[in-house]
Structure formats: structure tokens, C-alpha cells
Amino acid sequence: MEEFCTGTQEYIETYVEQGWLKSIDEVMNDFGAEDALAAEKRTALLDLTKQEALYVLPCDQSIEGIWYNTELFEQYDLEVPETMDDFMEVCETLLENDVQPMVCPGKEKWPITRLIGSYATMAGGVDALVDANNGDLSWGDDVFLQAYSWLAEMGEKGYFGQGVTTVDTNTANSLFLSGKAAMYYNGSWFTSNLNSEENQIDENVGMFAFPTVDGGKGEANTFTTSYGMYWCFNSGAYDDAEGEWMAYLLKNYGDVAMELQGRLTAYTLSSEPEVDYYTNVVLEAQEKQTGSGVWPEYAMVTSVQDAEYSNAQMLILNQITPEAYGEAMDAAMSSAQ
């Protein structure tokens, strides 16, 4: 196998330690692709993968926030919520008018934990998830208990609609793009869906950052920044022909992704692009961005992630208490050490 993808930090560490991965830095230097990734993007990837050299390529670069139906907000005289209190009032108003406030593809589990992570970031600041992944902060700390309690409340009040843990991504996309749900936590990659024939709400969409919480350390307009799956290259199968191909890819990926899908990536662009409406919505959100957060699983080992995912579904259904969720996470962390 010459190339493969992974999204798991523990695998990256293992592959690097065993010498299985080709250094991307070497390839970029050998074939004149040093500028294909902006310096700040390379630094962010090094921080996320906890390596001193670049061994993976990002398949994407996205900010994650809440997409919303601007027509529904105007119809019910709603403002974009900046605080969690405002957000919950928006949800209640929508529900009272028989509009599903928010859609979440809970069947796939990770969209649930993204919501937990966003709340915890607003409660504890951008270091909360980093410290928890490092074992320096309990998953039962108050900032996480607040997040778990909020998620359980959202589920109990019906703000995610019916059968949230049976909803997959395709169903969630359809509910939002048909105007049946007013809000959808998703990434900037969602522009490709908005540009599809499935979109029935046209340009009636906007995007805002996860709201701040009362007394929290999180700064307004903080977006989770993610890079999708990581693309890796087998050092044992690598040769100069693959290096030339990889360099060509690095130099052109950003332009092609923008041209074909209107999608922003971590790769540099050769010129200022003409962007579509939906990509411009993302760019406007980025202009307001004051900080970047990580996602809960960015450095989790598989066993901890399994405990997180399975218990998150029970949490959103109120089948497990916030305290029990935190205890399960800490127990999984302890077993993995």
C-alpha cells in the first residue's frame, strides 16, 4: 500500500515510531512544493499530530459552526444567538411554531460529541479538550458536566426532533436542505451539499459560531478547526515518481478543490478565486473568527473514543446521567494509560 488515510492520532504515532511514514517535509523540499501549505497550517498540523516533522497531509481544512436557515429566522423574528441563553430561546420559539430547531445525525455518534466539545470549549476555553486528552483534566470536571447537562436538556426538550440517534448524515442533510430544520452544526465542507440539487432553500443560509456560555472562558466567535482525514504515504513503497506526483498534488489541490466544489482547504491558492455564495458565507464567518478550538477526539486513543461515542448516544437520550458519562470517560482514560 503506497497511500492510505487515517484520522486516529494513536496510529500516526505508531506509524512514525516504526518508520512507516514518509516525511512530507522532505518531499516538499525535494520537489519545490515548500509553499503548498501556509506556515500556520503546517504548524497547526504539527501541534495536532504531536510530531516535529510533517508526516501527514490534510484532506480538508474546515471551520465548524452552526448553519442556519435565514428565512426561518426572519419569519419568526429571530436574531443570531450570541449566548447560550439566547440560543435556547431561539430553539423554544422554533419548537413552539412546529419547526425542528436543530438537526443532529446522532446515528453516527461523532456529531453528538462535536456538540459536547463545542460547549466545553465555551465553558472551559480552548485548552479544556487539550487538557482532557492529555489526562490533565478530568472528563468529569465541571466544564464537561455543563456540556453533558446541556446536551441532555436539548434532547429532553425535543430540540433535535424525533429519533435523533437513528438520524444519519444523509437524513440530517435532507432535513436542513428542505427547510424542515432550522439549524445544523456542521463544517465548512457542507458548502458542497449546499451547491447540490438537494438544496431546496437556495441562498437562505448563514453560519455562526457556537454561542458563549454564562461564566465561561470561551471567547465569542471561536470555531473548531479540523482537517478531515489525514493522508499518509508508505515510506517503504515511496520512490521519486510518487514524490513528483505528490508535489504536483500539493501545488494544485487548493485550486482544484475551489474550482470544482467551492471548497476551502489547507493548501495555498495560485490566485484570488471567484467564490460562490456559500463559500462566501464561510469566508465571512472566518473574518469574525477570534480563536480556534479542537474537536474532542483529536488525540483520543480508540478505546476512549469508543466509550465516548457509545455513551454520547445514551446521554442525548437521557439514558445516562452527566456524572455517569464523565465517570465512564475517566475510566476509559485510566484503562488506556
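Among the residues of segment 47-65, write down those that are over 23 Å from residue 285 (Cβ atoms) and open to solvent by less than 50 Å² (accessible area, probe 1.4 Å).
Across segment 47-65, the qualifying residues are 49, 51, 53, 54, 56, 57.
Scanning segment 213-232 for residues that are more than 9 Å from the chain's Cα centre (by Cα), of a type outside the set (Val, Ile, Thr) and assigned to a loop (DSSP other than H, G, I, E, B) yields a total of 9.
Which of the residues spanning segment 308-335 are aliphatic (A, V, I, L, M), open to solvent by 50 Å² or more (accessible area, probe 1.4 Å) and touching a residue at least 24 places away in the same chain (Cβ under 8 Å)? Within segment 308-335, 317, 331 meet the criteria. The residue list 283, 264, 260, 269 contains one member that is crowded, with 19+ Cβ neighbours inside 10 Å and aliphatic (A, V, I, L, M), which is 264.
Among the residues of this structure, residue 287 does not count as one that is modelled with pLDDT of 95 or more and out of contact with any helix residue (DSSP H, G or I) (no Cβ under 7 Å at 6 or more places or on another chain). Answer yes if at least one residue in segment 110-121 is buried (at least 16 other Cβ atoms within 10 Å of the Cβ), among the basic types (Lys, Arg) and under 13 Å from residue 295 (Cα atoms), and no otherwise. Scanning segment 110-121, I find at least one residue that is buried (at least 16 other Cβ atoms within 10 Å of the Cβ), among the basic types (Lys, Arg) and under 13 Å from residue 295 (Cα atoms), so the answer is yes.
Note on segment 284-337: residues that are part of a loop (DSSP other than H, G, I, E, B) and either polar (S, T, N, Q) or closer than 27 Å to residue 209 by Cα (or both) total 14.
Scanning segment 90-109 for residues that are open to solvent by 20 Å² or more (accessible area, probe 1.4 Å), at negative phi and under 18 Å from the mean Cα position of the chain (by Cα) gives 107, 108. Checked against the criteria, residue 132 does not count as closer than 21 Å to residue 327 by Cβ, in contact with a Leu (Cβ under 8 Å, 6 or more places away or on another chain) and not in a loop (DSSP other than H, G, I, E, B). Please verify whether residue 44 is part of a loop (DSSP other than H, G, I, E, B) and either surrounded by fewer than 14 Cβ atoms within 10 Å (Cβ to Cβ) or in contact (Cβ under 8 Å) with a residue 60 or more places away in the chain (or both), treating the condition exactly as stated. Answer is no for this residue.
Does at least one position in segment 144-154 carry a residue that is open to solvent by 20 Å² or more (accessible area, probe 1.4 Å), out of contact with any helix residue (DSSP H, G or I) (no Cβ under 9 Å at 6 or more places or on another chain) and farther than 29 Å from residue 336 by Cβ? The answer is no, given that none of the residues of segment 144-154 is open to solvent by 20 Å² or more (accessible area, probe 1.4 Å), out of contact with any helix residue (DSSP H, G or I) (no Cβ under 9 Å at 6 or more places or on another chain) and farther than 29 Å from residue 336 by Cβ. Evaluated against (1) part of a helix (DSSP H, G or I); (2) touching a strand residue (DSSP E or B) at 6+ places or on another chain (Cβ under 7 Å), residue 151 falls short on exactly one condition, (2).
Among all positions in segment 240-250, there is no residue which is touching a Pro at 6+ places or on another chain (Cβ under 9 Å) and under 29 Å from residue 293 (Cβ atoms). The requirement of being touching a Pro at 6+ places or on another chain (Cβ under 9 Å), open to solvent by 20 Å² or more (accessible area, probe 1.4 Å), part of a loop (DSSP other than H, G, I, E, B) and more than 23 Å from residue 226 (Cα to Cα) is fulfilled nowhere in segment 180-199; no residue meets it.
The values are calculated or read from the model by the stated rules, or taken from the named source; none is laboratory data. Predicted, not measured: the structure shown is a model, and the values here were computed from it. All Cβ positions, even for glycine, are placed from backbone atoms using ideal geometry, and neighbour counts span all protein chains on display. Each accessible area value is taken on the protein alone, full model and side chains, heavy atoms only, with ligands, DNA and RNA left out. Shrake-Rupley method; radii C 1.70, N 1.55, O 1.52, S 1.80 Å.
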